[in-house]
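The values are calculated or read from the model by the stated rules, or taken from the named source; none is laboratory data. Since the model is a prediction, treat every value here as computed from it, not as a measurement. Note that we place each Cβ from the backbone using ideal geometry, even for glycine, and neighbour counts take in every protein chain shown.
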Amino acid sequence: MSDSNGEKLHSSYHASIDAYLDELWMEKGLSENSLASYRRDLRSFALWLQKNGGSDLLAVDPVQLQAHLAWRLEQGLSARSTARFLSCVRGFYNLQQRENRIADNPVALIDSPKLPKGLPKTLSEADVDELLKAPDTSEALGLRDRAMLELLYACGLRVSELVSLTESQVNLRQGVIRVFGKGSKERLVPMGEAAINWLQRYIKSGRQALLKGPSSVLFPSTRGQQMTRQTFWHRIKHWAKVAGIDKPLSPHTLRHAFATHLLNHGADLRVVQLLLGHSDLSTTQIYTHIANERMKSLHQKHHPRAELGQSS
């Protein structure tokens, strides 16, 4: 396969690039345009390596990577473009390291250019209401999906945490679930009355119809096994379409909505951090400007001197 100016990329690169982009799409739900940009970045880097003595993406060292960054600077590429490139290759090499294809990540000690953080795209409370109401709960699958969506939104779970839930992790009497997050870190998350209600209805009337035999999986697939993240992501997209929601979605959309709506209603940032399972508050602080905007709104509404033009 050749790039736009006819240079041929070594065939061994294609499989690893494709596998990474598939993983990236599932984890972050990136648009086709974003995935195409990431593909161009990886192909451009691979072609640069071929021209400059590198034979394999999996054999890159930090010196080669720094040389490529210097080349990008010479080409006049922007800091935002370079930040995207580093994010792309950092994720690529993280995946290779997790799969034991490489011992060290060549990007590990390279800092990305400092850019202002943007808020993850999310849904309004009205959008979430429409999404939650979309499944047909007269059927076992619809009842399962309604319970999953309610739990995802009520608890701010990652999709991977949701699909791996077992019966023993749910305590309906106390109204909490025990979640194992990244690094197998455990946290207890309250469910709220609506999620408890739908979960009870699903366990009573829907779950047994989906099981093919004894299983501890809380939300089995149509095959009676643990559902994959990919399958549930497709279910989210399906119900969003049914609900008439045409905003960009990702597998984390309801997780972001959970955090955003909690802060909008006055939750403390550290509480949101604990509920999301973030080990570091800095990860949660991407939502800080929501709290700041809310404070400004409250000040404008309630402070006697907030209005402009008052006499002195």
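Quick grid of which residues meet (1) of a type outside the set (Val, Ile, Thr); (2) touching a residue at least 12 places away in the same chain (Cβ under 8 Å); (3) touching a Pro at 6+ places or on another chain (Cβ under 9 Å):
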{"position": "Leu132", "(1), (2), (3)": "yes, yes, no"}
{"position": "Leu141", "(1), (2), (3)": "yes, yes, yes"}
{"position": "Leu151", "(1), (2), (3)": "yes, yes, no"}
{"position": "Val176", "(1), (2), (3)": "no, yes, yes"}
{"position": "Val189", "(1), (2), (3)": "no, yes, no"}
{"position": "Ile196", "(1), (2), (3)": "no, yes, no"}
{"position": "Leu199", "(1), (2), (3)": "yes, yes, no"}
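Within segment 68-108, how many residues turn out to be of a type in the set (S, T, N, Q) and within 16 Å of Leu42 (Cα to Cα)? Don't jump to the end; show me each part of the working.
Filtering segment 68-108 for residues of a type in the set (S, T, N, Q) gives 75, 78, 81-82, 87, 94, 96-97, 100, 105.
Cutting the leftovers down to within 16 Å of Leu42 (Cα to Cα) gives us 81-82, 87, 94, 96, 105.
Looking only at that region, the number is 6.
A quick yes/no check of all residues on (1) under 20 Å from Ala134 (Cα atoms); (2) at pLDDT 90 or above:
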{"residue": "Arg178", "(1), (2)": "no, yes"}
{"residue": "Lys185", "(1), (2)": "no, no"}
{"residue": "Leu199", "(1), (2)": "yes, yes"}
{"residue": "Ala243", "(1), (2)": "yes, yes"}
{"residue": "Asp268", "(1), (2)": "no, no"}
{"residue": "Gln273", "(1), (2)": "no, no"}
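Within segment 154-162, is even one residue of a type in the set (Val, Ile, Thr), in a helix (DSSP H, G or I) and free of Cβ contacts under 8 Å to residues at least 60 places away in the same chain?
In the first step, residues of segment 154-162 are kept if they are of a type in the set (Val, Ile, Thr); the result is 159.
Right, trim to in a helix (DSSP H, G or I) and you get 159.
Cutting the leftovers down to free of Cβ contacts under 8 Å to residues at least 60 places away in the same chain gives us none.
Among the residues of segment 154-162, not one is of a type in the set (Val, Ile, Thr), in a helix (DSSP H, G or I) and free of Cβ contacts under 8 Å to residues at least 60 places away in the same chain, which makes the answer no.
Kindly indicate whether Leu210 is at pLDDT 90 or above and within 30 Å of Pro248 (Cα to Cα). Explain how you work it out, then say what you get.
Values: at pLDDT 90 or above: yes; within 30 Å of Pro248 (Cα to Cα): no.
So Leu210 fails the test.
Given the conditions (1) surrounded by fewer than 14 Cβ atoms within 10 Å (Cβ to Cβ); (2) at pLDDT below 75; (3) assigned by TED's automatic domain parsing to the domain that holds Lys182; (4) in a loop (DSSP other than H, G, I, E, B), report the number of the one that Ser282 does not fulfil.
Status for Ser282: all satisfied but (4).
Among Thr231, Thr222, which is the only one that is β-branched (Val, Ile, Thr) and assigned to a helix (DSSP H, G or I)? Before the answer, list the steps.
On the way: Thr222 fails: assigned to a helix (DSSP H, G or I).
Of the residues listed, the single one that is β-branched (Val, Ile, Thr) and assigned to a helix (DSSP H, G or I) is Thr231.
If Asn171 meets every condition in (1) free of Cβ contacts under 8 Å to residues at least 24 places away in the same chain; (2) closer than 30 Å to Asp246 by Cβ; (3) not aliphatic (A, V, I, L, M) apart from one, which number is that one?
Status for Asn171: all satisfied but (2).
Enumerate the pairs (first residue in segment 202-230 and farther than 18 Å from Val170 by Cβ; second residue anywhere and part of a strand (DSSP E or B) and among the β-branched types (Val, Ile, Thr)) with beta-carbon separation below 9 Å, excluding pairs fewer than 6 apart on the same chain, so at least 6 apart or on different chains.
Filtered contacts from segment 202-230: Gly224/Val217; Gln225/Val217.
Only one of Ser221, Ser184 is within 23 Å of the chain's Cα centre (by Cα), surrounded by 17 or more Cβ atoms within 10 Å (Cβ to Cβ) and farther than 17 Å from Phe258 by Cβ; which? I'd like the intermediate steps shown before the answer.
Working: Ser184 fails: surrounded by 17 or more Cβ atoms within 10 Å (Cβ to Cβ).
Being within 23 Å of the chain's Cα centre (by Cα), surrounded by 17 or more Cβ atoms within 10 Å (Cβ to Cβ) and farther than 17 Å from Phe258 by Cβ holds for just one of Ser221, Ser184, which is Ser221.
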